[in-house]
Amino acid sequence: MPRWRGSVVDQREEMCRLALSPGANRREVFACWGLSRSQGYVLLKRYLERGREGLRDLSRRPHNSPRRTAAEREAAVVALREANPVWGGRKLHRLLLDETGASPSPSTITAILRRHGRLDGPRSGQPRDHQRFEADEPNALWQMDFKGHFALTSGRCHPLTALDDHSRYAVVLAACGGENTVTVQTRLTEAFERYGLPGRILCDNGPPWGTAGSLHRHTPLTVWLMDLDVGVSHGRPLHPQTQGKEERFHRTLKAEVLAGRQLADLEQAQKVFDTWRSVYNTRRPHEALGMAVPASRYAISPRRMPKTVPPPEYESQAHVRMAREEGCINFKGRKLPCPKAFAGKPVALRATQTDGVFDLCYRRHRLAQVDLRQAIS
């Protein structure tokens, strides 16, 4: 099992939400959390009966929803705003509905916030960016990137984040000490063991992801992902809007978590991240989702993280060559370029419908196209 972070209640709530998602294999979800079938159903029953409170180990007070006076209602709105100081009227309205079953209208909440001096900031009332694209189902695409690093009392933190494109569910929010391959692979392994494998990951450019349109497009990290049958693509260089959901998530993380806060070290940063990730996934209404929460649209992937990865196998008609350390392969008396990241691994040249033109592939992934009709340079 992966080493998982966050409070016990947060983990149990996440497990229950995923087990209740449409089409979920509950036994598989329970197993991902290290629970037996009976243990999982006990927690699920408690969650359905009492919600989040039913997942606590300590005694719980009975739930009640007494009528509130106008003054009490305003106090509740103000308190919720203080707990979430960058949330506006629509988010607070949805949260109050979800938690209490009743709420003033979004415009009334906005008026309450304005009366109490809680509505300010240059972005108040500005329109949101329009939605450009969205994956058709959960885990079809994850977007992944590092947020700009920031100073801790001791050292620096490099937040690593990954979002499910369809649901905006945060599958990774990790406080890292650097931005190297081992760090990313370790955190992705934890996420894959918990949530399953995505179909594809959209990365930024540069180490450790690789750079689109260059000889360094592939790295040891992307080769590892291909071995797991996870596709890899990169955003357009100098076009951060390609990963618009990640960019928006980073702005939200900065505004709701990091602004005005000094964190001591990576351990404290991770605890703060874990607490907020639970809020973001399960309580914070998302305007791009019609004020639903990301957890309402997410389900774990049916593609599980394999314990071992078999070596590549190619069809008999493919021309298989071993990639060399200097970044090339030998084929039909020529040295052809091949990314150095594949050194020591078998790659295949597959004929296309055009004579003399081949697709250079690793497993099912096409790396480049080779045209033998061109003059030897």
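None of the figures in this text is laboratory data; all of them are computed from the coordinates on show. Everything quoted here is computed from the prediction, not taken from an experiment. Reconstructed Cβ throughout: ideal geometry from the backbone, glycine too, with neighbour counts over all protein chains shown.
Find which of ILE112, LEU97, ALA71 sits farthest along the positive direction of the dipole of segment 70-115, computed with +1 on the beta-carbon of Lys and Arg, -1 on that of Asp and Glu, about the Cα centre.
So the residue we want is ILE112.
Run the simple label-point estimate for SER7 and HIS149 please: 7 Å along Cα→C-beta, distance reported in nm.
3.1
Taking the Cα centre of segment 165-298 as origin, sum charge times position over the Cβ atoms of Lys and Arg (+1) and Asp and Glu (-1), and report the length of that vector in debye to the nearest 20.
So the magnitude is around 460 debye.
Work out how much length LYS271 to TYR41 would gain on full extension: take 0.36 nm times their residue separation and subtract the Cα-Cα distance, in nm to one decimal. Write down the numbers at each step before the final one.
On the way: separation 230, 0.36 × 230 = 82.80 nm, distance 2.78 nm.
Full extension from LYS271 to TYR41 adds 80.0 nm.
Enumerate the aspartates and glutamates that LYS332 could reach by cross-link, defined here as Cα to Cα under 20 Å, with residues fewer than 8 away along the same chain left out.
Answer for LYS332, where 20 Å is the Cα cut-off: GLU315, ASP355, ASP359, ASP371, listed by chain and number.
I want to check the label-to-label distance for ARG156 and LYS345. Put each point 7 Å from Cα in the C-beta direction and report it in nm to one decimal.
Roughly 2.9 nm, to one decimal.
So how much slack lies between THR252 and SER316, counting 0.36 nm per residue of separation and subtracting their Cα-Cα distance, in nm? Mind showing how you got there, number by number?
Details: separation 64, 0.36 × 64 = 23.04 nm, distance 5.09 nm.
Extra length from THR252 to SER316 when fully extended: 17.9 nm.
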